[in-house]
Amino acid sequence: MRYECIGCGRTFDPHKKLYTCPECGSLLEIELDLEAVKEKIDPDVFESEEPTTWKYRPFMPIFDDSKIVSLREGGTPLYRCERLAEEIGVQELYVKYEGTNPTGSFKDRGMTVGVTKALEFGLNTVACASTGNTSASLSAYAAKAGLKCVVLLPKAKVALGKLAQAIIHGAQVIAIDGNFDRALEIVRRICDERENVYLLNSVNPFRSQGQKSIGFEIADQLDFVSPDRVVLPMGNCANIWSIYKGFFEFKETSIVESIPKMTGVQAEGAMPVVDAIKRGLEEFEPVEDPETIATAIRIGNPVNGPKALKAIRESRGTAESVTDDEIVRAQKMLARHEGLGVEPASASSIAGLIRLVEDDRIYRDERIVCVVTGHILKDPQEAIEVSEPPIEVPADYEEVIKRLGS
Ligand code: F0G
């Protein structure tokens, strides 16, 4: 196993705590020795065990199993959504529902690995900037590991459920008068200057290693035949890369034959990567003041933008933007046709799929998986604001019947 720079290609010792390339400053990636991984795979485990993040232990970059910090993450359902598929006009649609993770979002898959790494490096504090879910997850895993935790949030825009989680798990919560991009700049500087603090934003390449398990599980749940396409929201852009990497490693180890077309969705007010894909740019141009109802992906300068571009281009996928209205419509469709409650950012994957189908940019007979990343209860306020309010009546049988109508 090694760190490898995605810019200059230099490699580094994975026993050292690094975030970016010490030579050129680009993002680092963890590269495993896939031949060695292949030898460690036990076909019986693959056949018989239920999917979870740690089922794929040979693909996880951990040196000391005794240090693993787990809240039983992963193992999320892959639902075949026939009513939704019919409504959208596609033949075979699945939804990977990440809301059933321990803290209600996919972030737990990365944190189980990231916090384990903090212990392996012998550190006593973990930190992150967050639009909410990363902080909720990190706070819980830090609590489980007995580590101190510091989280920086944008003051005005964190959904209530996520804030409640960070606070109750005992993190030191700092709300800055600025957006996520600024919070990340500050926390990166703190972690560069303080040796005992481990940065667990997705610039940390180990977190992404845990998130590969979304790809592993999708493949596993489809009997090790990759879908044609995976559609998901992009914020800081680690997840699209991680899922791509999961499929890539499964292909390299002959577990699957192909890699799905990675298809990323951003909100119209925060779409630097979609813009770069549509205009064929080498690099994305940051968005100054990102804005969207999907606060989880309200990010103008995604750290992992270069990795997202690579994942999309190498898998021959695409990217699409959606309006806030389209996000809300998709959120309600998923809730009302399939019984799945998701927060707005998650619904953008469905909204993006609808757009692509309407614009004839994908084939209707593709086997498609939409990843929905976080639970509805993360952002109850939004759900209430976009829905009809309850009908208020006196506590009287006749009055209730009158309002119920036929
Ligand atoms: N969906 C949800 C619910 C999220 O919370 C996030 C990111 C994303 C999608 C996008 O994933 O960043 O890997 O492209 N939330 C981060 C946070 C930024 O701080 O919780 P990504």
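Charges only on Cβ, +1 for Lys and Arg, -1 for Asp and Glu: so what's the dipole of segment 248-406 about the Cα centre, in debye to the nearest 20?
The calculated dipole for segment 248-406 is roughly 660 debye.
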Ranked list, fewest to most other Cβ atoms within 10 Å of each Cβ, for Y198, Y79: Y79, Y198
How big is the charge dipole of the chain about its Cα centre, in debye rounded to the nearest 20, if each Lys and Arg gets +1 on its Cβ and each Asp and Glu gets -1 on its Cβ? 940
Taking K148 as the anchor, which lysines have their alpha carbon closer than 29 Å to its alpha carbon, excluding any fewer than eight residues away along the same chain? K16, K17, K55, K67, K107, K117, K157, K162, K212, K378
Pick out which of I30, I218, I350 has the largest mean-square fluctuation in a Gaussian network model of the chain, springs linking Cα atoms closer than 10 Å. I30
If you take the beta carbon distance between Y363 and V386 as r and set R0 to 30 Å, what does 1/(1 + (r/R0)^6) give as a FRET efficiency, to the nearest 0.05? 0.40
Environment charge at E291 (Cβ cut-off 11 Å; Lys +1, Arg +1, Asp -1, Glu -1): -2
Helix 133-145: inclination vs the chain longest Cα principal axis, degrees, rounded to 10, gives 60
Using Cβ contacts closer than 10 Å as the measure, can you line up F247, F106 from fewest to most? F247, F106
Spatial separation of Cα centroids for segment 66-135 and segment 369-385, in angstrom: 14
Surrounding charge for I186, neighbours by C-beta under 15 angstrom, Lys/Arg +1, Asp/Glu -1, total 0
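So what is the relative contact order for segment 5-103, in percent, with contacts set as C-alpha pairs under 8 Å and at least six apart? Before the final figure, lay out the partial values.
Numbers: 87 pairs, mean separation 18.0, N = 99.
Result for segment 5-103 is 18 percent.
What ranking, highest mean first, results for peptides 393-399, 186-192, 33-39 when packing means the other Cβ atoms within 10 Å averaged over each residue?
Details: 393-399: 8.9, 186-192: 16.7, 33-39: 12.3.
Highest-to-lowest ranking by the protection proxy: 186-192, 33-39, 393-399.
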Out of V113, L147, N133 - ranked by how far each Cα lies towards the positive end of the dipole of segment 50-166, with unit charges on the beta-carbon of charged residues - the top one is L147
Mean projection of the alpha-carbon convex hull of the chain over all orientations, in nm²? 21.4
Segment E314-K38, extension gain: residue separation times 0.36 nm, minus the distance between their alpha carbons: 97.0 nm
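Note down the relative contact order for the chain as a percent, whole number, built from C-alpha pairs under 8 angstrom at least six residues apart.
Once divided by the residue count of the chain, the mean separation gives 17 percent.
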Over the chain, with a Gaussian network built from C-alpha contacts below 10 Å, which listed residue (E283, E29, E320) shows the highest mean-square fluctuation? E283
How far, in degrees from 0 to 90, does helix 344-358 lean away from the longest principal axis of the Cα atoms of the chain, to the nearest 10? 80
Straight-line reach from K40: which aspartates and glutamates fall under 17 Å, measuring Cα to Cα and dropping same-chain residues less than 8 apart? E31, E49, D64, D65, E249, E252
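Within 10 Å of each residue's Cβ, count the other Cβ atoms and sort D181, D275, D324 from fewest upward.
By the 10 Å Cβ count, ascending: D275, D324, D181.
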Where both partners of a DSSP beta bridge lie in the chain, what percent of those bridges are antiparallel, to the nearest 5? 25
Checked against the positive end of the charge dipole of the chain (+1 on Cβ of Lys and Arg, -1 on Cβ of Asp and Glu, about the Cα centre), the farthest of V90, P302, M1 is M1
Just to confirm my numbers, what's the Cα centroid distance between segment 191-231 and segment 326-342 in Å? 25
Compute the signed sum of charges (Lys and Arg +1, Asp and Glu -1) over the other residues within less than 11 Å, Cβ to Cβ, of T263. +2
Cα-based helix-to-principal-axis angle, 205-221 vs the chain, degrees rounded to 10: 60
Most positive-pole-ward Cα, S406, G374, Y363, against dipole of segment 351-406 from beta carbon charges: Y363
GNM result for the chain, Cα springs below 10 Å: residue of E47, E382, E291 fluctuating most strongly: E47
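Quick note: the coordinates plus some simple rules give every number you see, no bench work behind them. The model shown is predicted, which means the values in this text are computed figures rather than measured ones. Ideal geometry is used to build each Cβ from the backbone, glycine not excepted, and the neighbour counts take in all protein chains shown.
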